[in-house]
Each structure stands twice: as C-alpha cells, then as structure tokens.
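A short worksheet on the structure shown next.
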Amino acid sequence: MGESTFWNDQDAAKLTIDEIKTINSVLKPLESLSSQADDLQALMDLALEAGDDSLDEDISQAVKSGSDDFESFELQSLLSGPNDHCNAFMTIHPGAGGTEACDWAEMIFRMYTMWAEAHKYKLELVDREAGDVAGIQTVTIAIRGENAYGYLKGESGVHRLVRISPFGSADKRQTSFASVDVLPEIDDKIDIVLKDDELKRDVFRCGGPGGQHQNKTESGVRYTHLPSGVAAESRSERSQHKNDALAYNLLKAKLVRLEEIKREAEFARAYDEKGEISFGSQIRNYVLQPYQLVKDLRTGQESGNPQAVLDGRIDQFINALLRMRLSKGDAAIKKGA
C-alpha cells in the first residue's frame, strides 16, 4: 500500500485492502490477548510480592475480561471455511399453511434483519413477493459485512412456529413452517466460470405493490443454469441492469453452495456422522403457546425468551452451532488419525 502505484488499479487495491482487513481481524485480537496475558502475569507477580488480597479484585476483572475476549477470538477462528469470509444471500420461503406461513416467513425475515442491523451489516433487498393477505411469499436479501456467510450458513433449514393464530377466531394453536437458505456472495477471490451457452436469461414484469414503474416494465431478470436447473432472479430494483447483476451473482452463489453441500456430505459419510446435511431439514422450534421456548434441535441450545430471539438476539444459537462443529471436527480428526 506504500507504493506510489498502489491506487493505479482500483480493483486490485480494493482486494488488497480487503485482504488486510481479514488478516488484521485475526492478528489484532491475538496481539490484544497476548498483551492481556502479560498484564495479568504482572498483576499476579505484584500480588505475590504484596502477600495480601489487595489486588484480588483487579485480578478477577482481568481474568474475566481476558476470558470474554478469548471466547470471541475462538469463535471467530472457527470461521475458517473457504467461503466463510464472504457476504451472504439469504432466501426465506413460507411452508404449507397459507397466510399463517406467510406471516411466519415475514417474522423470520424481521428477525434476521434486526440481527444484521445490530451487528452493523449492510442490507440490500434482492427479491420480495408479498403474500396474498399478509406476510411474504418469498424474500431474498444480501447481508454484507465481515464473515456474514460464516455466521449465517448454519441458519439454513426449516424453522417451526407454534402459536395461537392471529388470523383465526377459534383460538387454537397453529403450527407454521418457513425455510431459510443461506448462500455465499461470490467475490473475485473465488474462481467460477459460467458459460454463455449454459445460461438462459428471462426478463419479466414485476408484480405486487412495487410501484407503477415495476409493474409496467420488464425490469425483473431470471437466470437459469441449464446443466443443473438452478435458477436465480431479482426484481427489487427499478433498473433491469441492476437486477441482472444481482440475479447473476445470486446464481453463482447457488452453484458454489451446491458444491459446498456435496463436500459437507462427503465429509459426513467419511466419518459416519449422523444427520442429514441438506437444505430443508428442520433445525429450530419456536413455541409461543402453551409455553414459551425456542430450541435448536441440533445443539440443544434453548431460550425461554422467544420475543428476544424474534427481535434478532440469535447469537447464542449461532455460537452454539459453531462450537458443536468445532467439537465434531476435532473428533473427526482424532478418528482419522
């Protein structure tokens, strides 16, 4: 970066800066932990010299602070997958159940939006189709920030809600489902080539309450990868050019995720892990009636405050899954050895 020609190539300069940020996100906390360890050792030495408990409170605070920082550093170190550093595309679909499921899908959408905003991630709406009465039929958002995909990829799966229906008069409990799919937004560091003769491009008019311009012009774009049948579309922008770019990037993300799922499945088979690794498996229950509980079925992590979870406080579930994957990875290494 100190070279006079560094900014001559803007794209290359941006990649270098992004790489430095990634490296510093590991080195800076590591240097801080090392410094805290030295300070703690100095406090311990002073306490031994004093021969009393005058420094006990300072030592306890230093231990707690260091332990908290180490836990955060350890969690970040778990994001070592080839795409974990990437931004993320998240798509949410309601399951069977009509208006109930559409409303639940929108609640899930709000939950992840609030989580992303709390973590200072940037959000961009890629595609949204409103439900007939309430909620959403489908929504795709881009969540951009450091390690967004690494943190969110474990949220893929089916989310189940149990509650008293706000749309019925019988006051009966209703069960609704919504599926979440998380994909990495492919950057220039990941090499993926799409051949023109393997792509089908369609344009369409955008329906729903998106404004007169969207309804009257063919601004929506859909790409289909013919060999795999994978498709991606965008309709959120007024410009067809912007929708084209978003749909194309989303298609690349889906194809990369397909390959990632294959590798995960091969890993699971190699070490006889139980459980299916695939999109669509139920991962979490949100029970609002007759009791209040959110439980992750993979890790056993629970919360007795569903409203806080639905307000975006889901770090406990994300972190628990990261730790479980770490323990499984260690077990697999030992088994392989």
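Only the coordinates and a few stated rules stand behind these numbers; no lab work does. Everything numeric here is computed off the predicted structure, so don't read it as measured data. Note that we place each Cβ from the backbone using ideal geometry, even for glycine, and neighbour counts take in every protein chain shown.
Summary table
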quantity: FRET efficiency for SER239 and ASP132, using Cβ-Cβ distance with R0 set to 35 Å, rounded to 0.05; calculated: 0.80
quantity: HN-Hα J in Hz across segment 308-319 - Karplus 6.51, -1.76, 1.60, θ = phi - 60°, x for Gly and Pro; calculated: 5, 5, 5, 8, x, 8, 10, 4, 4, 6, 4, 5
quantity: Links that overshoot a 28 Å alpha carbon limit, given the list LYS14/LYS262; LYS172/LYS295; LYS122/LYS252; LYS242/LYS262; calculated: LYS14/LYS262; LYS242/LYS262
quantity: SER4 versus LEU297: modelled label distance in nm, points set 7 Å from Cα along the beta carbon direction; calculated: 6.5 nm
quantity: Per-residue [θ]222 nm for the chain (sum of -39500 (n - 2.57) over DSSP H runs n ≥ 4, rounded to 500); calculated: -15500 deg cm²/dmol
quantity: Estimated Rh, segment 1-115: Kirkwood, alpha-carbon pairs, angstrom; calculated: 19.3 Å
quantity: Added length on full extension, which subtracts the Cα-Cα distance from 0.36 nm per residue, ARG110 to ILE192; calculated: 26.3 nm
quantity: Whole-number percent relative contact order across segment 28-186, with pairs defined as alpha carbons under 8 Å at least 6 apart; calculated: 26 percent
quantity: Euclidean distance of C-alpha centroids, segment 129-177 and segment 68-82, integer Å; calculated: 28 Å
quantity: Ranked by how many other beta carbons lie within 10 Å on average, peptides 231-243, 298-310 from highest; calculated: 231-243, 298-310
quantity: Length gained when the stretch ARG323-GLU259 is fully extended (0.36 nm per residue, less Cα-Cα span); calculated: 20.7 nm
quantity: Mean projected area (nm²) of the alpha-carbon convex hull when the chain is viewed from all directions; calculated: 25.1 nm²
quantity: When segment 6-58 is reduced to its Cα atoms, the Kirkwood hydrodynamic radius in Å; calculated: 14.2 Å
